[in-house]
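Trainee: Encoded as structure tokens, here's the structure I'll be asking about.
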Amino acid sequence: MKRIKLIGYLFSPESNDVMSKVYALAYSNIYLNNLDKMIPSNFYSIYDRLGMIPDSVNHYDRFINKLEQVHNLGCNILEVGGGNLPRIAERIAKRQIDIGCGSITVMDPSLSVKKSKYKNLKLCKEKFTLETDIKDYDLLIGLFPCTVMELMLHKALIENKDLFFRMCDCVHYSDDLSEELYNYYLEHPDYYQKMLIESYVDYSNVFNRNMEVIDDDTPILSIKNKVRSKK
Ligand SMILES: C[S@@+](CC[C@H](N)C(=O)[O-])C[C@H]1O[C@@H](n2cnc3c(N)ncnc32)[C@H](O)[C@@H]1O
């Protein structure tokens, strides 16, 4: 049944990310039988879109529940690195309609859909950079924003915005790391995460903002503007 749905989706005009559709179908037996393991995000979003991820283990739902415990969703949100299908942004747009206020823009060069069914959801197939204009947003969010994580943090601190992202477990090469240290982190990704978190907390202190680190499978980092916050 699941394979039939995936074959149908392969021919659906909704998304132009054909490679992800083909691989999501090809590896469906492996991934859908191992939902507790890390599944590549572009396949996960397709399985989620087709209702193949049970609510009890759905990491999009878990991320939004945690987000809503700390931040008010009824504001103008920018989701960075939303992936090929904007599954988080769609859930938030729907929630904002229920609340009666708020908007969300999802920015990712890999976005594979052109239309959104929600008026308050804007799709932006672009790269987030230091030059991205974020003055109209109150809160920046990201689930596993990977290489753009640090940039989000800097922009949020410099422009005094709220921030909420869940870290990925990749180790990113950087000129600041010696080859030896980089290789060490590849073998000990938890130390890499710890080092990043400490440096992020240091940056936040420099900008006189408090960063909260929330425990999850990978850490969630949150910054809240004391004046704007309602919770
Ligand atoms: C690991 S994926 C996570 C996707 C999605 N959030 C999820 O969890 O399903 C990281 C995403 O970040 C996007 N990305 C990388 N650099 C970016 C940038 N500068 N601006 C916006 N998106 C970026 C990639 O295209 C990719 O879709």
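Trainee: For the stretch 78-91, indicate whether the set of residues that are surrounded by fewer than 21 Cβ atoms within 10 Å (Cβ to Cβ) and of a type in the set (Gly, Ala, Ser) is non-empty.
Mentor: No: zero hits.
Trainee: Next question. Go through the stretch 11-41 and report how many residues are under 19 Å from residue 115 (Cβ atoms) and of a type outside the set (Ser, Thr, Tyr). So that I can check it myself, show each step before the final result.
Mentor: Going residue by residue through the stretch 11-41, those that are under 19 Å from residue 115 (Cβ atoms) are 11-18, 20-21.
When the remaining residues are screened for being of a type outside the set (Ser, Thr, Tyr), the result is 11, 13-14, 16-18, 21.
Number satisfying all stated conditions: 7.
Trainee: Would it be correct to say that residue 84 is touching an Asp or Glu at 6+ places or on another chain (Cβ under 7 Å), touching a residue at least 60 places away in the same chain (Cβ under 8 Å) and of a type in the set (S, T, N, Q)? Before you say what the answer is, go through the steps one by one.
Mentor: Numbers: touching an Asp or Glu at 6+ places or on another chain (Cβ under 7 Å): yes; touching a residue at least 60 places away in the same chain (Cβ under 8 Å): yes; of a type in the set (S, T, N, Q): yes.
Yes, satisfied.
Residue by residue, here is whether (1) farther than 28 Å from residue 100 by Cβ; (2) within 15 Å of the ligand (Cβ to nearest atom); (3) among the aliphatic types (A, V, I, L, M); (4) touching a residue at least 60 places away in the same chain (Cβ under 8 Å) holds:
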position	(1), (2), (3), (4)
27	yes, no, no, no
32	yes, no, yes, no
37	yes, yes, no, no
42	yes, yes, no, yes
48	no, yes, no, no
66	no, yes, no, yes
69	no, no, no, no
73	no, no, yes, no
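Trainee: Out of the residues in the stretch 142-168 that are of a type in the set (A, V, I, L, M) and closer than 13 Å to residue 83 by Cα, which is farthest from the chain's Cα centre (by Cα)?
Mentor: At the first step, the residues of the stretch 142-168 found to be of a type in the set (A, V, I, L, M) are 143, 148-149, 151-153, 156-158, 163, 167.
Retained after the next criterion (residues that are closer than 13 Å to residue 83 by Cα): 143, 148.
Numbers: 143: 2, 148: 10 Å.
By that ranking, first place goes to 148.
Trainee: Out of everything in the stretch 135-174 that is near the ligand (Cβ under 10 Å from one of its atoms) and assigned to a helix (DSSP H, G or I), what residue ends up being surrounded by the most Cβ atoms within 10 Å (Cβ to Cβ)?
Mentor: Among residues in the stretch 135-174 that are near the ligand (Cβ under 10 Å from one of its atoms) and assigned to a helix (DSSP H, G or I), the one surrounded by the most Cβ atoms within 10 Å (Cβ to Cβ) is 152.
Trainee: Another question about this same structure. Residue check: is residue 28 more than 17 Å from the chain's Cα centre (by Cα) and of a type in the set (Gly, Ala, Ser)?
Mentor: Working: more than 17 Å from the chain's Cα centre (by Cα): yes; of a type in the set (Gly, Ala, Ser): yes.
Taking the combined requirement at face value, the residue satisfies it.
Values in this text are rule-based calculations from the coordinates and carry no lab data. Everything quoted here is computed from the prediction, not taken from an experiment. No Cβ is skipped: glycine too gets one built from the backbone with ideal geometry, and neighbour counts run over all protein chains shown.
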